[in-house]
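Down below is the structure, laid out as structure tokens.
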Amino acid sequence: MSQTPLVDKGFASVRKIGNGLYATISDSSKGLTTICNGGFLVGKDAALLIEGFTTAAGASFQMDALRMVSQVPVKGALDTHYHFDHSMGNAFYGANGVPIWAHATTAKRIVENYGPMQGADKEAVLGALEKRVKDAKSEVERAHAQGDLNAVAGVFQIANATVLALPNHPIDAAKLPMTMDLGGLTAVVESHPGIRERTCW
């Protein structure tokens, strides 16, 4: 990995990690523009962006970093899964004509999980969690309830500040692995079952 970042904005930096391979490393202690990690692959003919991040500004940051090293056409952006920190910035890609690739179930999960939050009454979404904090019988129980409340409140705020943009190139898991020839560099897309974390909403 390159010791010197290609670019560092505090909330995230981009470093070269191999020939045509760049990692976008987030630091959420310095802002929530990206939160998750991502990156991009650059061949001589095309590039592939990885992740939509939490905000359109996060996706834009990564595109700007790509353009610092290459002007090749972008073949697509890949959401690794539907969680808000990987997909809420998709609107930037959509607005810039970048195809958004993801597992065939990703769009449905984005709509199911974040669509109902948009324009919803805050009390309706957070009321039960606020009651759990108030009714906690111990400090440990209160701390767990407060953690859940903070997580959902954060996602609620992000969902309401976002135009949901869905992947428009669904990937059929039955047809994986799939290869993308970028010109001298081949991206291989695979799908593996994941574990849903309790705090990921």
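The values are calculated or read from the model by the stated rules, or taken from the named source; none is laboratory data. Source: prediction; values computed, not measured. Every residue, glycine as well, gets a Cβ built from its backbone with ideal geometry; the counts of neighbours run over all protein chains shown. With ligands, DNA and RNA removed, areas are computed over all heavy atoms of the protein, side chains included. Shrake-Rupley method; radii C 1.70, N 1.55, O 1.52, S 1.80 Å.
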Filter the stretch 13-25 down to the residues that are open to solvent by 50 Å² or more (accessible area, probe 1.4 Å) and not basic (Lys, Arg), then identify the one that is farthest from residue 52 (Cα to Cα). 19
Quick check on the stretch 146-166. Is at least one of its residues within 30 Å of residue 46 (Cα to Cα) and either open to solvent by 80 Å² or more (accessible area, probe 1.4 Å) or aromatic (Phe, Trp, Tyr) (or both)? yes
On the basis of being open to solvent by less than 30 Å² (accessible area, probe 1.4 Å) and either farther than 22 Å from residue 186 by Cα or under 11 Å from the mean Cα position of the chain (by Cα) (or both), does residue 28 make the cut? no
Could you please tell me which pairs satisfy a Cβ distance under 7 Å, a separation of 6+ or placement on different chains, a first residue in the stretch 53-64 that is open to solvent by 10 Å² or more (accessible area, probe 1.4 Å), and a second residue that is basic (Lys, Arg) and at pLDDT 95 or above? 61/9
